[in-house]
Amino acid sequence: MRLVSLALILCFTSVLAAAETWVREPFVVIEGQTVRALVPKRAASAIEPYVRRADQLYPLLAKDADYEIKGPLWLWIGRDSDQHNGFSTVVPFPIVQIELSKARPEQRIFAGGDDFERTLIHELTHHIANDRNRGFRRGLEYIFGRVLPNDPLSMLIAYLSLPPHIFQPRFWHEGTSVWSETTYAPKDTVWAGRGRDSLTHMIWRMDAADEAIPEVGDWKISYRKWPYGGQAYVYGTAYLRYLSGAYAIDIWQLLEHQSRKWPFVFTNGSTNLYGKSHEILLQEARAALLTEQQAQLERLRQQPLTELTRLTPEDAFAGAPVWNSDGSITLALNRSHHQARIYTVDASGALDKHWAPGHFDPALRSRDGYVVYNSYDYRIRASTMLTSPDGSRRELKTQGLQPDLVVEGNQITIATVALNDSLQQRLRIERFINGDSAGLLTTPPQQGDASWSPTWRPGSDDLLWVETDPSGSRLILGQGEQRREFLHLAGRIMHPVWDQAGTEIYFAADHTGVANGYRLSLSGNQVALKQITHVIGGVIAVVQSQDGSELALNNHD
């Protein structure tokens, strides 16, 4: 019970911490029929359509879930963080919070332009599942409210009066919400929620390759064997996928039944409805997932696999690398759940730790001995860090993600991506002289829901970037005010990188269902695409060495 009490207190504390990021900014309230949104005043007009959409989705889910809406639900919608996410709690009062920052293509949480809608569906599912009380518990709640347990008496009252569903296993909470975001995904988009995401399937496939589908006791939010979400998300998703597929179980009906159990009573929650306990169904789900993924592995192994040499430790999550002139590689590594740091690794795999802490998923870019990357503060706000050839580091006073640079004497031009006033992810190009900003420059025309991964073509002012929309990803070259589309794929395009001659582009893509490395060769108006890896894991970055003789791949094995 103490652990549950601590978790509830930490959840409430996280809401207060989020509020602290906006304390110097005025708010406004946007009223809807079923929601009441608290939003920053400076972005109210841009956020209002999101509130209206929430006013449509909440009753839709409530009707399907047979949930009674008794009053407006508080939404906290912001654009203060540089990482897309959401949060829901019903203790001590119901609130749903959404950050409007876009999810980067290499993130598993989402991709494409539907970030807000799918995150909102995910969090509304948490709310609808958890905000249910009846009978004796409802009476106690009416008398005492929803108590944060911080002493023996309030702990007892909390146990007897709080909605029991909030005490269910975390993998159940996250599995049901990922099931919901996947089920309600629009039918006219390639981005269909995490239940059908290639990087989710990659995790299942790799664990099956080890014949080690984790035991249910390891499906914990704190256990992160993979960088794309804790086991609670990954295998909670697999379980709900199994229930809805193998048994055509009505998940909303099962959620309602689970909400009638006393706290911590879970395993027999499905017995009355379907004649099998969760314990039995979980064993079936693990066995079925192993069989399914082993069949996928057998199919993939029918072609020769790319032979790769691992240079980084198995306990480390690696960011996209850059090559140095001496043939070594610099990259961000997050080792054993610690904060990421910047490392250099040589051909033997020897690591040299240096530079200030970074963040797990920034992609490094380099030019003429300079390295640029994002670092994050405790509010998850990104800053652009520049390391000079002499090893000195400084922060450039600019906002944006995924920076790349061009160096001309004491002048540096930085390209990043950031939300604009219309809440679209757009390119931001800024010039610095001796480290001080000389102002924003004109950016080339962009289309779609989001722009990502800008990178300068060697020896020119041409800028390459990725655009996403409901149909997938496009690779775009901007030349002044002109734009040229090289490629369109129905999936992710991740971390494009030029060769030194500026005639080939290396990148990773997952449109086939498995993320692999690709090379796009340019010759006049002609382009030729070639898949250059065939792996059973997933490649999310491909970078050519400075002399063109080797490739550094960020691959999962």
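The values are calculated or read from the model by the stated rules, or taken from the named source; none is laboratory data. Quick caveat: nothing in here was measured; it's all calculated off a predicted structure. Note: ideal-geometry Cβ built from the backbone for every residue, glycine included; neighbour counts use all protein chains shown. Heavy atoms of the whole protein, side chains included, go into the accessibility calculation; ligands, DNA and RNA do not. Shrake-Rupley method; radii C 1.70, N 1.55, O 1.52, S 1.80 Å.
Report the calculated FRET efficiency for Leu60 and Ser348 (r = Cβ-Cβ distance, R0 = 60 Å), to the nearest 0.05. After rounding to 0.05, the efficiency reads 0.60. Amide hydrogen proximity for Leu73: with H placed 1.01 Å from N in the peptide plane, the residues at 5 or more positions away or on another chain lying under 5 Å are Val35, Arg36.
Which entry in (i) 18, 43, 29, 10, 0; (ii) 20, 53, 25, 2; (iii) 20, 48, 28, 5, 0 is this structure's computed P(r) over Cα pairs in 20 Å bins from 0, in percent? Calculated P(r) over Cα pairs in 20 Å bins from 0, in percent: the matching label is (ii). Peptides 462-471, 406-415 ranked from most to least packed give 462-471, 406-415, packing being the mean of other C-beta atoms within 10 angstrom over each peptide's residues. To the nearest 0.05, what FRET efficiency results for Ala490 and Arg381 with a Förster distance of 41 Å applied to their C-beta separation? Efficiency at R0 = 41 Å is approximately 0.80.
Under the classification rounded if a/c is under 1.5, otherwise prolate if a/b is larger than b/c and oblate if not, where does the range 453-556 fall, given a ≥ b ≥ c as square roots of the Cα gyration tensor eigenvalues? It comes out oblate by the Cα gyration axes. The angle between the Cα long axis of helix 44-64 and the longest principal axis of the Cα atoms of the chain comes to about 50 degrees, rounded to the nearest 10.
Only Cα pairs under 8 Å and at least 6 apart count here; give the relative contact order of the range 411-557 as a rounded whole percent. Relative contact order here is 13 percent. Ignoring ligands, DNA and RNA, what percent of the accessible area of the chain is carbon or sulfur (1.4 Å)? Of all accessible area on the chain, carbon and sulfur atoms account for 50 percent.
With angles folded into 0 to 90 degrees, how steeply does helix 2-20 sit against the dominant principal axis of the chain? Use alpha carbons for both and round to 10. Tilt of helix 2-20: around 50 degrees. Residues whose amide H falls under 5 Å from that of Ala541, counting only those 5 or more places apart or on a different chain, are Asn554, with hydrogens built in the peptide plane. Among the listed pairs Lys41/Lys70; Lys41/Lys63; Lys102/Lys187; Lys70/Lys102, those with a Cα-Cα distance over 29 Å are Lys41/Lys63; Lys70/Lys102. Taking amide H as placed 1.01 Å from N in the peptide plane, Ala450 has its amide H under 5 Å from the amide H of Thr468, each at least 5 places away in sequence or on another chain. Normalised per residue, the accessible area of the range 221-314 is 53 Å², obtained with a 1.4 Å probe and no contribution from ligands, DNA or RNA.
Between 0 and 90 degrees, the angle of helix 198-209 with respect to the longest Cα principal axis of the chain falls at about 80 degrees. Sorting the segments 514-521, 436-443 by their mean number of nearby beta carbons within 10 angstrom, highest to lowest, gives 514-521, 436-443. Count Lys and Arg as plus one, Asp and Glu as minus one, and take only other residues whose Cβ is under 15 Å from that of Ser348; the net charge is then -3.
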